[in-house]
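To start, the structure itself, in structure tokens.
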Amino acid sequence: MVIPDLLADERFKSNPLVVASPHLRFYAGAPLVAKNGVAIGAMCIMDTRVREFSEADRAQLSTLAQLVIGQLELRNMSGRLEPVSGIPNRHQFQIDYDALAQRHSGRRMFAVLVDVFDIPRANEAGQALGMRPLEVLIRRAAVRLKLALEGLADVYHVGVTRFAFLVEFSSAAEMEALVDELRQRMTRPLMAAAVPMSPRFHAGVCAVTLGEDTSDDVIRKVLIGLHQSFEARHPFAWYSEQRDTKMRRGYRLAADAERGLRKDEFYMVYQPRYRASDLQPVSAEALLRWTHPRLGPVSPGEFIPVFERTALMQTVTPWVLDATLDQLAAWRGAGHFLALSVNLSGADLSSEDAWNRLRGKLHARSLPFDCIEIEITEGEWLRADSVAGRQIKAMAEAGIKIAIDDFGSGYSNFGYLSDLPIDTIKMDKSLIDNLETDPKAKPKVTAIINLARELGYRTVAEGVETPAQLHFLQAQGCDQIQGYLLSKPVSAEALLKVFDRALDGRGPQASSEIA
Ligand code: C2E
Ligand code: CA
Ligand code: CA
């Protein structure tokens, strides 16, 4: 904007800087526009006398303005560029996204988070090759991605091996086509320290509405998509609201757990276990319950896995053990010599102190070691030479019974079991559920029962819901039965009644009643 004589211009002739000191007469200004499109000011020349401003003068002022904006951006950029790739970082993504959202509120776009090399593999490569080749790899991947998105989107380096960008497409199909093209380009081998490496490719994709989704929302959503893509072992996955809700609910549960324990929102219930031959109750499994003040009853199937990913089991398990052992002690005091099973998770046993603490709790209540059984889920962590393996051995030596829970639900292997002092195999509910539908389920269950018997393990079927399942298991020689057919988990008082009735010779459900 050039005003050769401010006094002759309607817009400025009464401006205070013109009518009073410094009595300006001339103005020329070039706007300073940042890369994100925001005008942050002007580079201007003023004088107290009228001037001519030639085309060459204009060009020079524009050049000066560009130099200034370049310097400003450079200064801004420090701390906003990822040093490895030289690409703007997450901080810059936030700034640019916010600016874009302000200018184009309501616009629908797609956000993508690309992972070019999963972290465990990156760490492995780092150990083998050193960090430099790894950085070279990441830099090359970054360059590839930038080239692939040239003219389409700006790339941001938002995590060690992760890049984000925003694009505008009219359909999800176009978005998916681009992701597929990126995958093809990105996974071609790259040389790093003379070793050809193949970058991995995973992407999380989500639709965002500028002005509605904050930059934090965007990063969170694409991360959810990315993790979904890891889990599904698929090159990309869309953000899922269901997963988002689940994650947030999980977070809420974890955040509320300790308060819940203090406020008595947790309690134990007991599900009886019956001898298969005559359906007499023999013991019971202690199961945790939580009535959340706002969410209502929450299943341990939901909250236990969440707690296991935090340090919360360190608080929850001692609470469960105290509650269960207190109950056992109270029953004993009243002349009822019951035995209970408690569920422990991998983390509970992976401490060198696990057995000591349990022993202390039993001693404190003068309880014998054989009044409890520990249920643990099978898994690779359960090797004889692991910390957990040693804790289990110590417990078994003292007379505590050990049961393998959820047997047959996934990774099932009698091989490693023989190294551990296991008493009982609990066949997973999924095996029992399938007895009537899956033709392979019956031979599987039969084989497990027979093999377990030969190896000296007691077998328990859990989740037995129908008489047909019960009769099949009885016929195969399964030792014990647990399931809704015989009893749901019940309160301590109700459990006593189950046992009292059995002692009276009025078994809760004689097999003839069930048939
Ligand atoms: P689990 O140890 O496999 O426990 C069996 C689950 O199946 C229990 O669910 C029980 O209520 C349910 N169930 C038993 N019979 C039937 C049946 O016939 N039909 C159906 N549909 N379900 C049946 P629950 O109490 O919801 O517990 C879920 C899981 O949470 C447990 O699976 C266990 O892994 C975990 N859990 C529960 N309490 C504790 C605890 O105190 N500590 C630890 N570490 N985990 C616990
Ligand atoms: Ca169990
Ligand atoms: Ca189970």
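Exactly one residue among Leu382, Leu340 is without any contact (Cβ under 8 Å) to a residue 40 or more places away in the chain and within 16 Å of ligand 3 (Cβ to nearest atom), and that residue is Leu382. Screening Glu285, Glu302 for residues that are of a type in the set (Asp, Glu), surrounded by 14 or more Cβ atoms within 10 Å (Cβ to Cβ), assigned by TED's automatic domain parsing to the domain that holds Ile376 and assigned to a strand (DSSP E or B) leaves exactly one candidate, Glu285. All conditions in (1) within 26 Å of the chain's Cα centre (by Cα); (2) modelled with pLDDT of 90 or more hold for Ile138, with the sole exception of (2).
Among the numbered conditions (1) closer than 16 Å to Asn413 by Cα; (2) polar (S, T, N, Q); (3) within 15 Å of ligand 3 (Cβ to nearest atom), the only one that Gln480 does not meet is (1). Here the condition is being modelled with pLDDT of 95 or more and not in a strand (DSSP E or B); of Ala237, Ala255, Ala207, it holds for Ala255 alone. In segment 475-498, the qualifying residues are those that are out of contact with any Lys or Arg (no Cβ under 9 Å at 6 or more places or on another chain) and within 21 Å of Leu455 (Cβ to Cβ), and the one that is surrounded by the most Cβ atoms within 10 Å (Cβ to Cβ) is Cys478. Of the candidates Ala403, Ala396, the single residue that is closer than 24 Å to Arg275 by Cβ, within 12 Å of ligand 1 (Cβ to nearest atom) and at pLDDT 95 or above is Ala403. In segment 374-393, the residue that is modelled with the highest pLDDT out of those that are touching an Asp or Glu at 6+ places or on another chain (Cβ under 7 Å) and more than 19 Å from Ile304 (Cβ to Cβ) is Val387. Listed by position, the strands (runs of 3 or more DSSP E) inside segment 131-199 whose residues that are among the β-branched types (Val, Ile, Thr) number at least 1 are 156-159, 162-167, 195-197.
The values are calculated or read from the model by the stated rules, or taken from the named source; none is laboratory data. These numbers come from a predicted model, not from an experiment. Reconstructed Cβ throughout: ideal geometry from the backbone, glycine too, with neighbour counts over all protein chains shown.
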